[in-house]
Amino acid sequence: MNKLMRPLLFVLIFLIIFQFFNKKEEQNLIDDVILAAKSKISIGNEVVIQVKNNSETEIIIPNNCPKNPLSVERYVNGEWIPKEAEIAAENCAGSKEVVIAPGENYTVGFNQWSWDLFNEEGKYRITLNTSIDENEKAYTHEFNITAPSFLKKFWNNVFYKPILNTLIFLISVMPGNNLGWGIILLTLIIKIILLGPNHKALKAQRAMQKVQPQLDALKIKYKNDPQRLSSETMAIWKKYKVSPMSSCLPMLIQFPILIAIFYVVKNGFNVINPDMLYSTLKEFDILTINPHFLGIIDLTKINIIALPIIVGGLQFIQMRLTLGKVKTNSLTKKDDAPNPMAGMGKMMQYVMPVMIAVFTASLPAAVGFYWGTSTLFGIGQQVIVNKSKD
């Protein structure tokens with residue numbers, strides 16, 4: 001795998017996985033008021049309902065906290081059985097009546113109520129009772145709660161739960177229960193665990209960089225003979241004992257970490273399923289977590305300026321250290337035209353950091369904060385590898 005394309009592939013694969021975990025809600029565009037959600041939601045996932053007001057009247061959703069925000073029923077033995085849940089009254093701070101103007105959407109999240117209301121498989125119905133043109137009306141949406149798939153169980157047990165609990169534990173022992181310092185410690189722990197594989201990968205990347213001019217020359221020489229190009233490329237890899245795949249594994253390990261951090265912080269800590277916490281952490285009050293790092297940035301919110309610039313800058317530094325000085329005229333075709341592979345390397349040094357910055361600006365700041373911390377650590381590793389004699 002070409003070293004210039006690995007970061008781009010990394011982002012593309014992450015976005016594909018991200019889209020897989022975030023399928024669009026099904027909608028019914030008939031009524032004046034529409035309730036929409038996924039048709040199937042697995043146990044342990046938060047239930048979220050989109051309310052679309054297509055009428056010309058304001059819709060009011062009363063503040064029912066500490067009880068669940070909308071009516072919930074479960075279909076049992078041919079009839080709809082009401083279900084109700086309550087959360088601690090102190091968790092209702094900031095709760096208020098919701099007014100949805102004509103033509104607007106509003107997302108109703110069941111947050112902590114989800115774990116008690118939707119803890120069994122079956123068919124469920126959510127109802128919004130409201131007044132339209134002074135007439136009382138009820139709008140419903142039905143969906144199914146299903147058992148978690150094997151993939152979901154594997155994800156939870158192997159990746160999400162360990163990362164979540166490690167992060168929560170680190171936050172719990174930090175002064176002020178600060179999320180930012182918890183992410184920094186989590187990053188250092190992960191980097192230390194992967195120190196050996198990462199160092200080996202960086203050395204392999206450096207070895208690939210040394211033979212890259214020969215590989216580029218082959219691409220020019222055998223551009224019309226793919227079979228010969230493949231055989232000659234394999235011969236160089238074998239001669240210098242390098243492999244383009246040797247530096248990919250540590251990068252792939254970052255995927256579940258990024259996704260797990262995203263799901264931890266995307267809706268705040270009040271929607272973490274308590275069943276995901278290990279017994280030793282169940283007594284810790286996750287509502288005491290401070291999401292503000294140094295009192296400057298809320299890591300549970302999207303930051304579109306400062307953090308993307310910082311993370312993009314760090315990515316640029318790392319790519320400069322990784323790729324070195326690109327010599328666009330070091331290899332030429334027979335007609336003395338500049339080598340396009342070298343030109344692409346120079347272009348990627350600037351394009352990739354911009355892509356990372358945009359990526360950071362589109363997700364909760366905690367994800368970019370982790371990426372930036374990890375990149376900063378990687379810069380240190382790259383400097384050490386670049387200075388090594390072998």
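Structural remarks
- Just one of the numbered conditions (1) outside any helix (DSSP H, G or I); (2) more than 22 Å from ALA147 (Cβ to Cβ) is not true of ASN119: (2).
- Test for SER230: is it assigned to a helix (DSSP H, G or I), small (Gly, Ala, Ser) and touching a Phe, Trp or Tyr at 6+ places or on another chain (Cβ under 8 Å): no
- Listed by position, the strands (runs of 3 or more DSSP E) enclosed by the stretch 27-100 that each have at least 2 residues that are touching a Gly at 6+ places or on another chain (Cβ under 8 Å) and either surrounded by 15 or more Cβ atoms within 10 Å (Cβ to Cβ) or touching a residue at least 12 places away in the same chain (Cβ under 8 Å) (or both) are 48-53, 71-76.
- Filter result (crowded, with 17+ Cβ neighbours inside 10 Å and outside any loop (DSSP other than H, G, I, E, B)) within the stretch 101-116: VAL108, ASN111, GLN112, TRP113, SER114, TRP115
- Against the test of being within 29 Å of SER71 (Cβ to Cβ), in contact with a Leu (Cβ under 7 Å, 6 or more places away or on another chain) and among the hydrophobic types (A, V, I, L, M, F, W, C), the options LEU179, LEU128, LEU185 yield a single qualifying residue, LEU128.
- The set of residues in the stretch 101-116 being touching a residue at least 40 places away in the same chain (Cβ under 8 Å) and either of a type in the set (Val, Ile, Thr) or under 24 Å from ILE145 (Cβ atoms) (or both) consists of ASN105, TYR106, THR107, VAL108, GLY109, PHE110, ASN111, GLN112, TRP113, SER114, TRP115.
- Residues being over 21 Å from VAL264 (Cβ atoms), of a type in the set (Val, Ile, Thr) and within 15 Å of the chain's Cα centre (by Cα) - total across the stretch 344-382: 1
- Counting only helices (runs of 4 or more DSSP H) wholly contained in the stretch 132-208, the ones carrying 2 or more residues that are within 30 Å of SER388 (Cβ to Cβ) occupy 179-193.
- Qualifying residue in the stretch 58-70 (condition: among the aliphatic types (A, V, I, L, M) and closer than 24 Å to ASN273 by Cα): yes
- Tabulated pairs, the stretch 208-221, first of a type in the set (Lys, Arg), second part of a helix (DSSP H, G or I) and at pLDDT below 80, C-beta under 8 angstrom, 6+ apart or interchain: LYS210/TYR240; LYS219/MET341
- Among the residues making up the stretch 296-348, those that are at pLDDT below 70, assigned to a loop (DSSP other than H, G, I, E, B) and among the hydroxyl-bearing types (Ser, Thr, Tyr) are THR328, SER330.
- For the stretch 188-210, the tally of residues that are touching a Pro at 6+ places or on another chain (Cβ under 7 Å) and farther than 22 Å from PRO256 by Cβ stands at 1.
- Inspection of the stretch 272-281 identifies no residue that is buried (at least 17 other Cβ atoms within 10 Å of the Cβ) and hydroxyl-bearing (Ser, Thr, Tyr).
- Within the stretch 145-187, the set of residues being closer than 14 Å to ILE257 by Cβ, aromatic (Phe, Trp, Tyr) and either free of Cβ contacts under 8 Å to residues at least 12 places away in the same chain or surrounded by fewer than 17 Cβ atoms within 10 Å (Cβ to Cβ) (or both) comprises just one member, PHE159.
The values are calculated or read from the model by the stated rules, or taken from the named source; none is laboratory data. Given the structure is predicted, the values throughout are model-derived calculations rather than measurements. Heads up, the Cβs are rebuilt from the backbone with ideal geometry, glycines too, and the neighbour counts pull from every protein chain shown.
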